[in-house]
Amino acid sequence: MPTITRHRPFPMEAVPAWDGAADVIIVGFGAAGACAAIGAAETGADVLLLERNAGSGGASGLSGGEIYVGGGSDAQRAAGFDDDIGEFEKYLLAAGGPCADADKCHAYAAGALSHYQWLKDIGVPYRGNYLPGKHIEPVDDSTLIWSGSEAAAPFCDIAKPAPRGHVIQHMGWGGGRPLVDILEQRVRDLGVRIACNVRVAALIADGEKIAGVVARIDNRDHFLRAHKGVVLATGGFAFNDAMRAQYCPQSLSLSDPIGDKDDGLGIELGMGAGGRAIHMDQFFTTCPWTMPESQAYGVFVNVAGQRFINEDCYHGRVTRTAIDQPGGRVYLLLDHAHFSQPLDLARMDIAATGADWREVESELEMVAGTLSATMDFYNHHAREGRDPLFDKRIPILTPLDKGPFVALELNFARSYCSFFTLGGLHTSDMGEVLDGDAMPISGLFAAGRCTSGLPAWGHGYSSGLSLADCTFFGRRAGHAAAAT
Ligand SMILES: Cc1cc2nc3c(=O)[nH]c(=O)nc-3n(C[C@H](O)[C@H](O)[C@H](O)COP(=O)(O)OP(=O)(O)OC[C@H]3O[C@@H](n4cnc5c(N)ncnc54)[C@H](O)[C@@H]3O)c2cc1C
């Protein structure tokens, strides 16, 4: 019998006997897998959903349940933001930066409002109100927040700013679990067959076409036939150290992967079948340094005392750019008026204090005239309401010139920098897995963080983009698989 491996499909002619069959087999019961199952089942297909855990969830069930929606939702309009589809698409493209998939950005910009309506129709509750300020997730049950860099340069000059983070009505953090529960209910209502404690180990190929999966159930291999297609929805690879070292080595400076097991299996299955993985070096990371919010008025410098970003942009963009700096750490500089004790969770310690910036510079053992010159330059222009280097905008642009002063250390080895991977299988906007020539692999589909999707570029990530991608393109992948 041929070896059962993730690295190449098992030949169908060697299957000893089929242990089961469905039109469409979905691998993974997070948000992407649930929506793929719904998309397939809504066409009338017989769908089998396989999950290695004891139940649904994955990273999606641990998440905040925030979904990036633009173009003029009810909550946006009620709060006085006249977002439109064109501006929304421009932002999606800018957030994807050099990795943006123009087809996916276009499809999502055009379909986001009806997708949001669909979420409401299946029972996802939204309170409908707007919560101003900088939030990682709402601490109450509010709906609409600024969840990216929309109001900061260069994004605010590319697309008209509007808040687009739409959060399920849920008290506090952790709206992902109720979101997945609602998706699961829809999956069950549509009659999808669900099998948990089932780990898919390989794909099965009938010549060039993917025709099923090999699944481990009760320590025995089961051969499951997919008449129409297989949808991979297995999440990213944040917990697979070997894959991180091979594809995403910059993430090795961080020690707080978030998600479920995220072992990259779906990506390897897809690659083994001839699929191409793209943007594998991209990752999201953030330290909750904007909590309390007053810290956002601070200035970040690297170990050379140089600024590197406009600090008014999304906390994840700041953190991701910080990781690019030399020396394994950066400092957040604050004055007396804006300093508050950081969250314990952030693990950001006070590295230096001083009556003036020269004293802080000396305590940090920086070369004399570096950090102090940075702050003289910054304060001089901030008094005029300008930031000629990085275009930070008022009101967050404010002089930090009344001591005492403090430098908080964001140390990549010690501080809390959560991260997950963004690279994955190259898919069409219908979820087809594409090969090196951008041609679909027959019978193979994928969605969510085992693909590269809307959240493609770590420096442009905005909260809500991942679940937007999982739910929207998950449905399309399921639909396309069933239509094969
Ligand atoms: C704490 C936290 C907060 C977050 N908040 C947000 C947010 O508010 N908004 C947002 O957009 N993003 C958020 N994210 C990111 C987002 O949750 C994930 O990127 C997204 O949920 C990934 O969904 P997925 O369906 O691709 O993978 P998952 O939800 O991880 O689902 C994959 C499933 O596949 C299963 N699986 C894997 N391998 C196999 C196998 N071999 N056989 C069978 N089953 C398998 C796994 O067990 C898992 O259940 C957050 C993440 C975390 C951890």
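The values are calculated or read from the model by the stated rules, or taken from the named source; none is laboratory data. These numbers were taken from a predicted model, which means no experiment stands behind them. Here Cβ is always computed from backbone atoms with ideal geometry, including for glycine, and neighbour counts include all displayed protein chains. Keep in mind that these areas ignore ligands, DNA and RNA; they rest on the heavy atoms of the full protein, side chains included. Shrake-Rupley method; radii C 1.70, N 1.55, O 1.52, S 1.80 Å.
At-a-glance table
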quantity: The stretch 124-212: GluC sites (Glu not before Pro) in DSSP coil with no more than 14 other Cβ atoms inside 10 Å; calculated: Glu208
quantity: The chain - percent relative contact order, Cα under 8 Å, separation 6 or more; calculated: 24
quantity: Cα long-axis angle, helix 465-482 against the chain (0 to 90 degrees, to the nearest 10); calculated: 10
quantity: Residue-count net charge about Gly305 - beta-carbon cut-off 12 Å; Lys, Arg +1, Asp, Glu -1; calculated: -1
quantity: Inter-part distance where the stretch 213-245 and the stretch 102-121 are each reduced to a Cα centre, Å; calculated: 28
quantity: Percentage, to the nearest whole number, of Cα pairs in the stretch 62-104 over 16 Å apart; calculated: 48
quantity: Rg(Cα)/(2.2 N^0.38 Å) for the stretch 113-238, N = residue count; calculated: 1.47
quantity: Probe 1.4 Å, accessible area per residue of the chain, Å²; calculated: 36
quantity: Dipole of the chain, positive end: most advanced residue of Ile25, Ile168, Phe405 [Cβ charges, Cα centre]; calculated: Ile25
quantity: Dipole magnitude (debye, nearest 20) for the chain, charges at Cβ of Lys, Arg, Asp, Glu; calculated: 720
quantity: The stretch 409-484-the stretch 1-44 distance, computed between alpha-carbon centres (Å); calculated: 19
quantity: Check: the stretch 288-411 dipole with +1 on Lys, Arg Cβ and -1 on Asp, Glu Cβ, in debye; calculated: 340
quantity: Candidates per GluC sites (Glu not before Pro) in the stretch 358-422, loop by DSSP, up to 14 other Cβ within 10 Å; calculated: Glu365, Glu384
quantity: Solvent-accessible area, 1.4 Å probe, carbon plus sulfur percent, for the stretch 247-355; calculated: 52
quantity: Net charge, Glu363 excluded, C-beta distance under 12 Å - Lys, Arg +1, Asp, Glu -1; calculated: -4
quantity: Equivalent-ellipsoid semi-axes of the chain, from the Cα gyration tensor, Å, largest first; calculated: 43, 24, 18
quantity: Kirkwood Rh, Cα atoms: Rg over Rh of the stretch 288-411; calculated: 0.91
quantity: Fraction of the pair-distance distribution of the stretch 409-464 above 19 Å, Cα-Cα pairs, percent; calculated: 43
quantity: Other-chain or far-sequence residues with amide H under 5 Å of Gly443's (modelled H); calculated: Ile210
quantity: Debye log10 I(q)/I(0) for the stretch 181-281, one point scatterer per Cα, at q = 0.09, 0.11, 0.16, 0.22 Å⁻¹; calculated: -0.30, -0.44, -0.88, -1.22
quantity: Antiparallel DSSP beta bridges within the chain, as percent of all bridges there, nearest 5; calculated: 65
